[in-house]
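Notes follow the structure.
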Amino acid sequence: MALILTFLGKGGTGRSTIAIATAKKYAAQGKRVLLLGQDPGPALGILLGVPLTLSPQEIAPNLKAVQVQSAPLVERRWDEIKQLEAQYVRTPFFKQIYGQELGVLPGMDSALALNELREYEDSKQYDVIVYDGNGGMDTLRMLGMPEILSWYIRRFRQALVDSDLGKALSPFIQPVVSTVLTVDLSGDNAFQSTKQVDNLLDKGKEALADPNRTAAFLVTTGDASAIATARYLWGSSQQVSLTVGGVIVNQAPVTEAITAEFDPLTAVSVPAHSDNNWQPLIDALPDFSEAAKAPKPININIAQRQVSLFLPGFDKKEIKLIQSGPEVTIEAGDQRRNILLPPALTGKSVTGAKFLNGYLIISF
């Protein structure tokens, strides 16, 4: 299993530079590294000194880089779907629509990037994957997709099974889901038997929740707005179960104020890089394995009948709690998180909630 690292922060704080330095650091240690960039522009390639392509290319010993481009991925998937449609549908209705014509719908680029990330991780060709996304809420929504999709499947599956529309589309949807998610669902009914999809999503959630497999680090400068953005993204990352392992202060000292803003995380200062000498920046990077010691996004204590969520960067006025059936929904900032309670707490009503030292503590 590959270690997946990403960086969160305001635009212009040097996230891509930090991502490259991190990839170089692991490659120098003999790790097989893939640097995966999602921004379709030339910036990452310019920093690397090598134009990036849609396929991984070696740019240094043990280091490959690739650029995700949504339009070609949509085209490829669409052509596969049309072939399946011709096989399973008597009167194909996508016949006159061509992959080259398709635009990228909002949110589709994130789903495609997540699937590419999953496939590269599944390939077993890499020890470390450094993901250079946009570093903001879109990155967090992308990484949180397995949890959100799991919720939709839990809530809507039975409705689809019982509906005439679901019964009519089931023979076609099964192979389409197989193609889009690139999983083998042969022999499954897309609505009644989705164990492989459930397993795929469960694996995604498990990988995201394990800081030894997936972690983020905040990148900021000494600028007040950059610090505030990093704190907001810190709290928001907890809503998708992504562990933030530390703070990288780019080209600025770590002051007492910065230390206080991100306590209990460790903050380190890194210098600027030069095209000819990345080593000082590489040497200043944090120990990324320290992410395993960071506060966990969620803890469930069945004995005490409590659920605790770490939500730094928010105050209690920004947090809302809703209980509906077997789940509790937490709203914080621009995100919602649905917590499926364990059997021991299922059916128990919330008896109290308090916000203390960055933790929302819910009692049942």
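Figures for the structure shown
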{"quantity": "Selected residue [surrounded by 19 or more Cβ atoms within 10 Å (Cβ to Cβ) and modelled with pLDDT under 95] from SER178, SER274", "calculated": "SER178"}
{"quantity": "Which numbered condition GLY204 misses (of (1) crowded, with 16+ Cβ neighbours inside 10 Å; (2) at pLDDT 90 or above; (3) not aliphatic (A, V, I, L, M))", "calculated": "(2)"}
{"quantity": "Long-range neighbours under 7 Å by Cβ, at least six apart or interchain, first residue over 21 Å from SER241 (Cβ atoms) within the stretch 113-138, second open to solvent by 40 Å² or more (accessible area, probe 1.4 Å) and modelled with pLDDT of 90 or more", "calculated": "GLN125/ARG32; TYR126/ARG32; ASP127/LYS31; ASP127/ARG32"}
{"quantity": "Residue match in the stretch 241-256 (condition: out of contact with any helix residue (DSSP H, G or I) (no Cβ under 6 Å at 6 or more places or on another chain) and at pLDDT below 95)", "calculated": "no"}
{"quantity": "The stretch 323-336, subset exposed (fewer than 15 other Cβ atoms within 10 Å of the Cβ) and farther than 25 Å from VAL244 by Cβ, residue modelled with the lowest pLDDT", "calculated": "GLY325"}
{"quantity": "Within the stretch 15-59, considering residues that are of a type in the set (S, T, N, Q) and open to solvent by 40 Å² or more (accessible area, probe 1.4 Å), the one nearest to PHE217 (Cα to Cα)", "calculated": "GLN29"}
{"quantity": "Filter result (in a helix (DSSP H, G or I), closer than 20 Å to SER289 by Cα and open to solvent by 50 Å² or more (accessible area, probe 1.4 Å)) within the stretch 207-232", "calculated": "ALA209"}
{"quantity": "Sole exception among (1) open to solvent by 50 Å² or more (accessible area, probe 1.4 Å); (2) at pLDDT 90 or above; (3) among the charged types (D, E, K, R); (4) within 26 Å of the chain's Cα centre (by Cα) for ASP315, by number", "calculated": "(2)"}
{"quantity": "Test result for ILE339, among the aliphatic types (A, V, I, L, M), surrounded by 12 or more Cβ atoms within 10 Å (Cβ to Cβ) and modelled with pLDDT of 90 or more", "calculated": "no"}
{"quantity": "Failed item, numbered, when ALA303 is tested on (1) open to solvent by 30 Å² or more (accessible area, probe 1.4 Å); (2) at pLDDT 90 or above; (3) part of a strand (DSSP E or B)", "calculated": "(3)"}
{"quantity": "Hey, LYS320 open to solvent by 60 Å² or more (accessible area, probe 1.4 Å), in contact with a strand residue (DSSP E or B) (Cβ under 9 Å, 6 or more places away or on another chain) and assigned to a loop (DSSP other than H, G, I, E, B) or not", "calculated": "no"}
{"quantity": "Hits in the stretch 348-364 - residues which are more than 20 Å from ALA230 (Cβ to Cβ) and open to solvent by 70 Å² or more (accessible area, probe 1.4 Å)", "calculated": "LYS348, SER349, THR351, LYS354, LEU356"}
{"quantity": "Candidate set from the stretch 336-352 (those that are polar (S, T, N, Q) and in contact with a Ser or Thr (Cβ under 6 Å, 6 or more places away or on another chain)); member that is farthest from SER237 (Cα to Cα)", "calculated": "THR351"}
{"quantity": "Among the residues listed as ALA21, ALA27, the single one being modelled with pLDDT of 85 or more, part of a helix (DSSP H, G or I) and under 21 Å from SER123 (Cα atoms)", "calculated": "ALA27"}
{"quantity": "For SER269: the one exception among (1) open to solvent by less than 30 Å² (accessible area, probe 1.4 Å); (2) at pLDDT 95 or above", "calculated": "(1)"}
{"quantity": "Residue within the stretch 250-257 that is in a strand (DSSP E or B), in contact with a Leu (Cβ under 6 Å, 6 or more places away or on another chain) and open to solvent by less than 80 Å² (accessible area, probe 1.4 Å) present", "calculated": "no"}
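The values are calculated or read from the model by the stated rules, or taken from the named source; none is laboratory data. Since the model is a prediction, treat every value here as computed from it, not as a measurement. Quick reminder, even Gly has a Cβ in these numbers, built from the backbone with ideal geometry, and neighbours come from all protein chains shown. Note: areas computed on protein heavy atoms with side chains; ligands, DNA, RNA excluded. Shrake-Rupley method; radii C 1.70, N 1.55, O 1.52, S 1.80 Å.
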